[in-house]
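Data block below; observations after.
The values are calculated or read from the model by the stated rules, or taken from the named source; none is laboratory data. Because the structure is predicted, anything quoted here is derived from the model rather than measured. Cβ placement follows ideal geometry from the backbone for every residue including glycine, while neighbour counts extend to all protein chains displayed. All accessible areas refer to the heavy atoms of the entire protein, side chains included, with ligands and DNA or RNA removed. Shrake-Rupley method; radii C 1.70, N 1.55, O 1.52, S 1.80 Å.
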Amino acid sequence: MAATSNWLCPTELDRERLIGSVRLVRGARAAMFVLITVVALASAPKYGLWPLIPIGVAAIVSSYLYRGLERRRRPEYWAVGGWLFTQVPLAIGIGISGGAHSPALPWLAISVVSLVARFSHNAIRAGMAFLFVLLAALTIGVDPGGLVQHPWLFVIPAALLFSVWVFAQALLRQDLQHRDYDKLTGLANNATFTERLRLVVTRHQRVGGALAVLAVDLEGFALANETLGPSVGDDLLRQAASRLARTAAAAGAELIARRSADEFLILLADLHPSRGTRPPVGPWLDTRQTAEEVARSLQAALAEPLQANGRPIYLGASIGISILLAEERVGDPTGTSERLLAQAQQALSTARAAGQGSILHFDVEHPDARRRLSLITRLRQAVDREDFLLYYQPTVNLHTREITGVEALLRWDDPERDGVVAPGEFIDVAEQTGLIEPIGEWVLHEVARQARIWEERQLDLEVAFNLSPRQLWQPELVPTMLAILATADVGPERLLVEITESSALRDPERTYALLRDITQRGFRLAIDDFGVGLSSLSRLRTLPADVLKIDRSFIADITRTPQGPVMVQTVVQLARNLGMEPHAEGIEHEDELRFLLEHGCTQGQGNLFARPCPPDAIEALYLQSLASRVVALPGKAGLPA
């Protein structure tokens, strides 16, 4: 199913990277030829003009070999040939400027590293052998008598060779481990998969070939992780990833990657019907059947139980599939790869809803699928362009109506909607597709930047922002938060981190350790939307939270249902008994405000005081609240939360 590989470029991705690298260093290569030509001209009184002949020949031949690599059948061999000819002027420069003593030797080492560090270990060994032979020939050819009298001179090229080898190995290892691979499972990460998919689509654009993207979700993992703890969960993930990787490799998959906590992506390239199947009835059915066979083999690989502390654990898999047919035309490879990913994730969402063990293809004819695909594609583009903005809703002291802080509320400036989109329309999709992670990082950058501006203007405001459930799974969450704040020169004490009640109570041990770390670093912590989910008071009392936010639905029920006032009063008293500050959300009416004040809730927010508005409007509202101890509505400038 995958293309035939060789020792130099084991995968098509290596070939595509090589072609891209050749394009990137075109200018540097031309500058090197010019520089060596100048050196040869300067050395003409001693050596004559003969070095200009091989330099010119090397320039012409290497240009020919490098030209049109994307159309070559084996571009890696043409590229290596071109690289060898570019070393001719460098060797001449070394020879006429001192041989083994030449200051140009490090440039030769860098040139070798630039070639081999992007390939496999075998390519590194071949590059080192070439460098050894070349350095030995130069050392002996320039001064053979000196080498006999002073054999230690040979140590110079030998030491250089060893250092280059170590450096190239380190570059390759670092490149593989820290840039391309997931630390827990050893599989490729989401960024690597996206890049590989784009390159495979680019190849499809040139030579055709059907391909498919499989999105795999582990069924039952969340329950096992919450019940048995994060360390056992990590071990289960490693076992499951190993089985999926072996099965995918046996099926000839181009790549398997871990997309998020319990989701994986598999890329199938150059799809063709399996041996022994009936004659094809059409390209769509043929390709679909092959992809489904791989999907069923992945489910079969998980049929045997995994082991957790000696006990068997059974996990299943729901799988969504998107397909690019061999004859399908491709305009923009980046856009096509994003579409394939979005389609696979949409199919996976439908498969989850269909029940355990479902395998579903993306149905482009379904209207809901088309709408969701359009939303995912536009949202991906919005992440790349940073088409987001933050509105801020003031939080007030309910007694004085003085503004004490603000809550950052995300909005999406969608060009296709010709206006601002509220988070309720896209946050769920962002969570399911993993886009919430780059969006959340953008929010933190923007919050830190704005907090610094208000601090410089002497506005004493605490800025609250939300962390999504998916962000809580990020292993480097706290260091990332601290690094962003350090860049903006803002202290953590100026920020209030909000997480939902359901997020706080999921995987309690791991969440508790993370939240304790967050609060110990100086952040304040708020539990948002309290009472909406299934509350666990025994777990809630152990959380290191400072604020308990009462959901707007309870506040609205104060004047609408007999149970509403009782519920709010109970939550306010619970917060105080747990040492937390009660905070009411969504206050719309004076009757609600009076009830809250009568029962000891002194902090809140809502349209009664101010609607969410751009950051420029906050300063005026803040100063007005200080002057009059009442916050006026910002009129039509605000937006509903």
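Surface listing: Asp413, Asp387, Asp460 arranged by accessible area from highest to lowest gives Asp460, Asp413, Asp387, probe 1.4 Å. For region 404-497, the solvent-accessible area of protein heavy atoms averages 42 Å² per residue (probe radius 1.4 Å; ligands and nucleic acids excluded).
Taking region 452-495 and a reference point 7 angstrom along Cα→Cβ of Leu623, the backbone N atoms nearer than 13 Å belong to 457-459. The three principal axes of the Cα atoms in region 483-622 give end-to-end lengths of 46, 43, 21 Å, sorted in falling order. Subtracting the Cα-Cα distance of Leu52 and Glu293 from 0.36 nm times their residue separation leaves 80.7 nm of extension gain.
In the assembled protein chains, Arg401 presents an accessible area of approximately 50 Å² (probe radius 1.4 Å). The translational diffusion coefficient of region 453-503, from Stokes-Einstein at 25 °C and 0.890 mPa s with a Kirkwood hydrodynamic radius over alpha carbon pairs, comes to 200 µm²/s.
Potential lengthening of the chain between Asp234 and Glu590 amounts to 123.1 nm, from the contour at 0.36 nm per residue minus the alpha-carbon distance.
Modelled label positions at Arg311 and Val207, each set 7 Å beyond Cα in the direction of Cβ, lie 5.1 nm from each other. Rolling a 1.4 angstrom probe over region 463-621 with all protein chains present gives an accessible area of which 51% lies on carbon and sulfur atoms. In this structure Phe362 has an accessible area near 20 Å², from a 1.4 Å probe over the protein heavy atoms. Sorting the segments 447-456, 211-220 by their mean number of nearby beta carbons within 10 angstrom, highest to lowest, gives 211-220, 447-456. Computed from the C-beta positions of Ala222 and Ala250, the FRET efficiency with R₀ = 30 Å rounds to 0.60.
A viscosity of 1.567 mPa s and a temperature of 4 °C, combined with the Kirkwood radius over Cα pairs in Stokes-Einstein, give a translational diffusion coefficient for region 554-605 of 120 µm²/s.
Protein heavy-atom surface of region 190-241, 1.4 angstrom probe: 53% of the accessible area is carbon and sulfur, with nucleic acids and ligands not counted. The modelled label-to-label distance between Arg67 and Ala30, using points 7 Å beyond Cα along the C-beta direction, is 1.4 nm. Within the full protein context, the accessible area of Trp442 is estimated at about 40 Å² for a probe radius of 1.4 Å. Dividing the Cα radius of gyration of region 420-497 by 2.2 N^0.38 Å, with N the residue count, gives 1.16.
Note that region 543-549 has calculated 3J(HN,Hα) couplings of 6, x, 8, 9, 10, 10, 8 Hz, one per residue in order, obtained from phi through the Karplus relation 6.51 cos²θ - 1.76 cosθ + 1.60 (θ = phi - 60°); glycine and proline are x. Straightening the chain between Ala303 and Arg371 buys 21.0 nm, computed as 0.36 nm per residue apart minus the Cα-Cα spacing.
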